[in-house]
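Visitor: One structure coming up, written as C-alpha coordinates, with questions to follow.
The values are calculated or read from the model by the stated rules, or taken from the named source; none is laboratory data. The shown structure was predicted, so the numbers you read here are calculated from the model rather than taken from an experiment. Virtual Cβ from ideal backbone geometry, glycine too; neighbours counted across all protein chains shown. What goes into the accessible areas is simple: the full protein's heavy atoms, side chains included, and nothing from ligands, DNA or RNA. Shrake-Rupley method; radii C 1.70, N 1.55, O 1.52, S 1.80 Å.
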Amino acid sequence: MNIMKQKTPFIFAGLFLVLISIFIFRYVNVQYPPNENNQTADNFEVDVRESTGDEPKVGFDTTLHSLEDPNSIWVIVNKQRPLPAGFVPSDLIVPSVKLRLGPNEEQMQLSRGAQQDLENMFTAAQQEGVVLVFGSGYRSEALQAQFYDSYVARDGQLAADRYSARPGTSEHQTGLAVDITSPSGECHLEVCFENTPQGVWLAGNAYTYGFIIRYLDGKEDITGYQYEPWHLRYVGTELAKELHKNQLTMEEFFEITVN
Ligand SMILES: [Zn+2]
(Lines give C-alpha, C1' and ligand atoms only; values in the text may rest on other atoms or scores of the structure.)
Protein backbone atom coordinates (compact mmCIF):
# COMPACT_ATOMS: atom_id res chain seq x y z
CA MET A 1 0.00 0.00 0.00
CA ASN A 2 2.75 2.35 0.97
CA ILE A 3 4.62 1.76 -2.27
CA MET A 4 1.42 2.31 -4.33
CA LYS A 5 0.74 5.56 -2.51
CA GLN A 6 4.24 6.76 -3.29
CA LYS A 7 3.93 5.85 -6.98
CA THR A 8 0.50 7.40 -7.57
CA PRO A 9 1.78 10.97 -8.27
CA PHE A 10 4.30 9.60 -10.80
CA ILE A 11 1.58 7.61 -12.59
CA PHE A 12 -0.58 10.76 -12.91
CA ALA A 13 2.42 12.80 -14.03
CA GLY A 14 3.19 10.14 -16.67
CA LEU A 15 -0.38 10.14 -17.95
CA PHE A 16 -0.35 13.93 -18.09
CA LEU A 17 2.83 13.92 -20.21
CA VAL A 18 1.35 11.37 -22.60
CA LEU A 19 -1.79 13.48 -23.07
CA ILE A 20 0.28 16.64 -23.63
CA SER A 21 2.39 14.79 -26.22
CA ILE A 22 -0.69 13.59 -28.11
CA PHE A 23 -2.11 17.10 -28.11
CA ILE A 24 1.13 18.66 -29.40
CA PHE A 25 1.56 15.96 -32.03
CA ARG A 26 -1.95 16.52 -33.37
CA TYR A 27 -1.59 20.29 -33.28
CA VAL A 28 1.75 20.24 -35.10
CA ASN A 29 0.42 17.80 -37.70
CA VAL A 30 -2.57 20.02 -38.51
CA GLN A 31 -0.67 23.27 -38.67
CA TYR A 32 2.55 22.29 -40.43
CA PRO A 33 2.75 22.01 -43.33
CA PRO A 34 -0.46 23.93 -44.25
CA ASN A 35 -3.01 21.97 -46.22
CA GLU A 36 -2.81 23.22 -49.80
CA ASN A 37 -6.54 23.02 -50.28
CA ASN A 38 -7.30 24.78 -47.04
CA GLN A 39 -8.03 28.24 -48.46
CA THR A 40 -9.22 30.03 -45.35
CA ALA A 41 -9.40 33.82 -45.22
CA ASP A 42 -6.01 33.91 -43.49
CA ASN A 43 -3.92 31.92 -45.90
CA PHE A 44 -5.84 32.44 -49.15
CA GLU A 45 -3.76 35.32 -50.41
CA VAL A 46 -0.50 33.66 -49.51
CA ASP A 47 -1.58 30.58 -51.47
CA VAL A 48 -2.45 32.68 -54.52
CA ARG A 49 0.65 34.84 -54.49
CA GLU A 50 3.09 32.04 -53.89
CA SER A 51 1.61 29.69 -56.44
CA THR A 52 2.55 29.26 -60.08
CA GLY A 53 4.00 32.71 -60.66
CA ASP A 54 1.84 33.50 -63.70
CA GLU A 55 -1.36 33.98 -61.73
CA PRO A 56 -2.97 37.35 -62.58
CA LYS A 57 -3.07 38.32 -58.90
CA VAL A 58 0.61 37.82 -58.10
CA GLY A 59 1.96 40.96 -56.52
CA PHE A 60 -1.48 42.58 -56.50
CA ASP A 61 -3.06 43.56 -53.19
CA THR A 62 -6.59 42.18 -53.52
CA THR A 63 -7.58 43.61 -50.13
CA LEU A 64 -6.91 47.26 -50.96
CA HIS A 65 -10.63 48.15 -51.16
CA SER A 66 -13.84 46.55 -49.95
CA LEU A 67 -15.94 44.48 -52.37
CA GLU A 68 -19.03 44.96 -50.19
CA ASP A 69 -19.03 48.61 -49.10
CA PRO A 70 -21.28 50.46 -51.61
CA ASN A 71 -18.99 53.49 -51.34
CA SER A 72 -15.90 51.46 -52.32
CA ILE A 73 -14.53 51.80 -55.88
CA TRP A 74 -14.25 47.99 -55.93
CA VAL A 75 -17.82 47.23 -54.80
CA ILE A 76 -19.20 44.30 -56.77
CA VAL A 77 -22.86 44.74 -57.61
CA ASN A 78 -24.65 42.12 -59.65
CA LYS A 79 -27.87 40.13 -59.71
CA GLN A 80 -26.83 38.23 -56.59
CA ARG A 81 -25.26 41.21 -54.82
CA PRO A 82 -27.81 44.02 -54.52
CA LEU A 83 -27.01 47.39 -52.95
CA PRO A 84 -28.46 48.26 -49.54
CA ALA A 85 -32.10 49.33 -50.07
CA GLY A 86 -32.36 52.98 -51.10
CA PHE A 87 -28.59 53.49 -51.32
CA VAL A 88 -27.60 56.92 -52.63
CA PRO A 89 -23.93 57.92 -53.01
CA SER A 90 -23.08 60.96 -50.90
CA ASP A 91 -20.60 62.45 -53.38
CA LEU A 92 -22.49 62.85 -56.67
CA ILE A 93 -21.28 65.55 -59.03
CA VAL A 94 -21.88 66.64 -62.63
CA PRO A 95 -18.59 66.17 -64.52
CA SER A 96 -17.23 68.85 -66.86
CA VAL A 97 -17.58 66.79 -70.02
CA LYS A 98 -19.93 66.65 -73.02
CA LEU A 99 -23.32 65.55 -71.61
CA ARG A 100 -26.09 63.77 -73.51
CA LEU A 101 -28.83 65.41 -71.37
CA GLY A 102 -29.19 68.65 -69.43
CA PRO A 103 -26.94 69.06 -66.36
CA ASN A 104 -29.93 68.94 -64.02
CA GLU A 105 -30.90 65.44 -65.10
CA GLU A 106 -30.23 62.84 -62.41
CA GLN A 107 -28.32 60.61 -64.85
CA MET A 108 -25.74 63.29 -65.63
CA GLN A 109 -24.04 62.76 -62.27
CA LEU A 110 -21.35 60.38 -61.10
CA SER A 111 -19.33 59.75 -57.98
CA ARG A 112 -16.71 62.40 -57.23
CA GLY A 113 -14.15 59.60 -56.85
CA ALA A 114 -14.38 58.91 -60.59
CA GLN A 115 -14.74 62.50 -61.78
CA GLN A 116 -11.11 63.48 -62.40
CA ASP A 117 -10.22 60.30 -64.26
CA LEU A 118 -13.38 60.56 -66.36
CA GLU A 119 -12.62 64.15 -67.35
CA ASN A 120 -9.01 63.21 -68.17
CA MET A 121 -10.27 60.33 -70.30
CA PHE A 122 -12.65 62.56 -72.28
CA THR A 123 -9.85 65.10 -72.83
CA ALA A 124 -7.38 62.44 -73.98
CA ALA A 125 -9.89 60.98 -76.45
CA GLN A 126 -10.68 64.43 -77.80
CA GLN A 127 -6.97 65.08 -78.36
CA GLU A 128 -6.89 61.95 -80.48
CA GLY A 129 -9.91 63.13 -82.47
CA VAL A 130 -12.55 61.02 -80.71
CA VAL A 131 -15.44 62.90 -79.12
CA LEU A 132 -17.01 61.00 -76.24
CA VAL A 133 -20.43 61.83 -74.80
CA PHE A 134 -21.51 61.09 -71.22
CA GLY A 135 -24.67 59.09 -71.89
CA SER A 136 -25.82 58.00 -68.44
CA GLY A 137 -24.10 57.86 -65.06
CA TYR A 138 -25.83 57.69 -61.69
CA ARG A 139 -29.35 56.29 -61.60
CA SER A 140 -31.48 56.16 -58.47
CA GLU A 141 -33.34 53.00 -57.55
CA ALA A 142 -36.58 54.75 -58.59
CA LEU A 143 -35.28 55.72 -62.03
CA GLN A 144 -33.90 52.22 -62.59
CA ALA A 145 -37.33 50.83 -61.66
CA GLN A 146 -38.93 53.04 -64.34
CA PHE A 147 -36.44 51.81 -66.96
CA TYR A 148 -36.69 48.17 -65.97
CA ASP A 149 -40.49 48.19 -65.92
CA SER A 150 -40.64 49.75 -69.37
CA TYR A 151 -38.21 47.13 -70.75
CA VAL A 152 -40.25 44.30 -69.22
CA ALA A 153 -43.42 45.77 -70.75
CA ARG A 154 -41.72 45.98 -74.16
CA ASP A 155 -39.63 42.77 -74.31
CA GLY A 156 -40.85 40.56 -71.46
CA GLN A 157 -39.03 39.86 -68.20
CA LEU A 158 -36.71 37.13 -69.47
CA ALA A 159 -35.30 39.32 -72.24
CA ALA A 160 -35.19 42.44 -70.05
CA ASP A 161 -33.13 40.64 -67.39
CA ARG A 162 -30.36 40.02 -69.94
CA TYR A 163 -29.69 43.71 -70.50
CA SER A 164 -31.35 45.68 -67.70
CA ALA A 165 -30.78 45.43 -63.97
CA ARG A 166 -33.63 45.06 -61.54
CA PRO A 167 -33.89 48.02 -59.15
CA GLY A 168 -31.26 47.80 -56.41
CA THR A 169 -28.89 45.66 -58.48
CA SER A 170 -27.70 48.25 -61.02
CA GLU A 171 -24.10 49.41 -61.00
CA HIS A 172 -25.37 52.80 -62.12
CA GLN A 173 -26.80 53.29 -58.61
CA THR A 174 -23.25 53.36 -57.20
CA GLY A 175 -22.36 56.42 -59.29
CA LEU A 176 -19.34 54.49 -60.60
CA ALA A 177 -20.82 53.27 -63.90
CA VAL A 178 -21.12 55.32 -67.07
CA ASP A 179 -22.68 54.56 -70.43
CA ILE A 180 -20.71 56.33 -73.15
CA THR A 181 -22.15 57.38 -76.46
CA SER A 182 -21.18 59.52 -79.45
CA PRO A 183 -22.36 62.96 -80.65
CA SER A 184 -24.35 61.31 -83.45
CA GLY A 185 -25.85 58.72 -81.11
CA GLU A 186 -24.73 56.03 -83.57
CA CYS A 187 -25.17 52.55 -82.07
CA HIS A 188 -26.32 54.08 -78.77
CA LEU A 189 -26.62 51.19 -76.27
CA GLU A 190 -26.11 48.68 -79.07
CA VAL A 191 -23.35 46.10 -79.54
CA CYS A 192 -22.30 47.80 -82.80
CA PHE A 193 -20.96 50.60 -80.55
CA GLU A 194 -17.78 48.51 -80.34
CA ASN A 195 -16.98 49.41 -83.97
CA THR A 196 -17.57 53.16 -83.62
CA PRO A 197 -14.49 55.37 -83.08
CA GLN A 198 -15.68 55.87 -79.49
CA GLY A 199 -16.07 52.13 -78.88
CA VAL A 200 -12.67 51.30 -80.37
CA TRP A 201 -10.93 54.05 -78.41
CA LEU A 202 -12.53 53.03 -75.11
CA ALA A 203 -11.71 49.35 -75.55
CA GLY A 204 -8.05 50.24 -75.99
CA ASN A 205 -7.66 53.14 -73.57
CA ALA A 206 -10.35 53.35 -70.87
CA TYR A 207 -8.39 51.15 -68.47
CA THR A 208 -5.54 53.63 -68.26
CA TYR A 209 -8.06 56.03 -66.68
CA GLY A 210 -9.39 53.43 -64.24
CA PHE A 211 -12.43 52.34 -66.26
CA ILE A 212 -13.19 48.81 -67.45
CA ILE A 213 -15.66 47.43 -69.99
CA ARG A 214 -17.70 45.78 -67.27
CA TYR A 215 -19.74 43.31 -69.33
CA LEU A 216 -17.29 41.60 -71.64
CA ASP A 217 -18.10 39.65 -74.79
CA GLY A 218 -18.69 35.96 -74.12
CA LYS A 219 -18.96 36.35 -70.33
CA GLU A 220 -22.72 36.59 -69.95
CA ASP A 221 -22.82 33.44 -67.83
CA ILE A 222 -20.36 35.07 -65.42
CA THR A 223 -21.59 38.67 -65.24
CA GLY A 224 -25.26 37.94 -65.87
CA TYR A 225 -25.35 40.51 -68.70
CA GLN A 226 -24.92 40.55 -72.44
CA TYR A 227 -21.85 42.23 -73.93
CA GLU A 228 -22.09 45.99 -73.38
CA PRO A 229 -19.14 47.76 -75.03
CA TRP A 230 -20.58 51.15 -73.97
CA HIS A 231 -20.92 50.41 -70.24
CA LEU A 232 -17.84 51.47 -68.29
CA ARG A 233 -17.26 50.89 -64.62
CA TYR A 234 -14.78 52.89 -62.59
CA VAL A 235 -12.52 50.69 -60.41
CA GLY A 236 -9.36 52.84 -60.24
CA THR A 237 -6.27 52.46 -62.41
CA GLU A 238 -4.55 49.65 -60.49
CA LEU A 239 -7.41 47.18 -60.81
CA ALA A 240 -8.46 48.38 -64.27
CA LYS A 241 -4.99 47.62 -65.66
CA GLU A 242 -5.00 44.19 -64.06
CA LEU A 243 -8.45 43.30 -65.40
CA HIS A 244 -7.71 44.68 -68.87
CA LYS A 245 -4.39 42.85 -69.12
CA ASN A 246 -6.04 39.52 -68.32
CA GLN A 247 -9.44 40.29 -69.91
CA LEU A 248 -11.16 39.25 -66.70
CA THR A 249 -14.45 40.34 -65.17
CA MET A 250 -14.57 41.50 -61.55
CA GLU A 251 -16.37 38.26 -60.64
CA GLU A 252 -13.58 36.13 -62.14
CA PHE A 253 -10.76 38.16 -60.65
CA PHE A 254 -12.20 38.11 -57.13
CA GLU A 255 -13.62 34.60 -57.55
CA ILE A 256 -17.21 35.62 -56.92
CA THR A 257 -19.70 32.98 -58.04
CA VAL A 258 -22.76 34.12 -60.00
CA ASN A 259 -25.57 31.75 -60.87
ZN1 LIG B 1 -24.83 50.96 -68.26
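Visitor: How much length, in nm to one decimal, is gained on full extension between Asn246 and Tyr163, taken as 0.36 nm per residue of separation minus their Cα-Cα distance?
Guide: 27.5 nm is the gain from fully extending Asn246 to Tyr163.
Visitor: Please give the length that would be gained between Asn104 and Gln116 if that part of the chain were fully extended, namely 0.36 nm times their separation in residues minus their C-alpha to C-alpha distance (nm, one decimal).
Guide: Length gained between Asn104 and Gln116: 2.4 nm.
Visitor: Structure shown: which of Lys79/Lys241; Lys98/Lys245; Lys57/Lys245; Lys219/Lys245 lie over 19 Å apart, alpha-carbon to alpha-carbon?
Guide: Where the Cα-Cα span goes over 19 Å, the pairs concerned are Lys79/Lys241; Lys98/Lys245.
Visitor: If you don't mind, another one. Report, in whole Å, the centroid distance computed from the Cα atoms of region 89-140 and region 214-259.
Guide: 21
Visitor: Next question, about the same structure. Ignoring ligands, DNA and RNA, how do Asp221, Asp179, Asp117 rank by accessible area with a 1.4 Å probe, largest first?
Guide: From most accessible down to least: Asp221, Asp117, Asp179.
Visitor: If you rank Arg162, Arg139, Arg214 by how much accessible surface each has, with a 1.4 Å probe, what is the order from largest down?
Guide: Arg162, Arg139, Arg214
Visitor: May I ask you to derive the relative contact order of region 120-259, considering only C-alpha pairs under 8 Å and at least 6 residues apart, and to give it as an integer percent?
Guide: 22
Visitor: What is the extension gain from Asn205 to Asp217, computed as 0.36 nm multiplied by their sequence separation minus the C-alpha to C-alpha distance, in nm to one decimal?
Guide: 2.6 nm
Visitor: Another question, if that's okay. Using the basic label-point model (7 angstrom from Cα toward the beta carbon), what is the Asp149 to Asp61 distance in nanometres?
Guide: Result for the modelled spin labels: 4.5 nm.
Visitor: When the accessible area of region 108-259 is computed with all protein chains present and a 1.4 Å probe, what percentage of it is carbon and sulfur?
Guide: 47
Visitor: What FRET efficiency would be calculated for the residue pair Glu128, Glu238, taking the C-beta separation as r and a Förster radius of 25 Å, to the nearest 0.05?
Guide: That pair, Glu128 with Glu238, gives E of 0.60.
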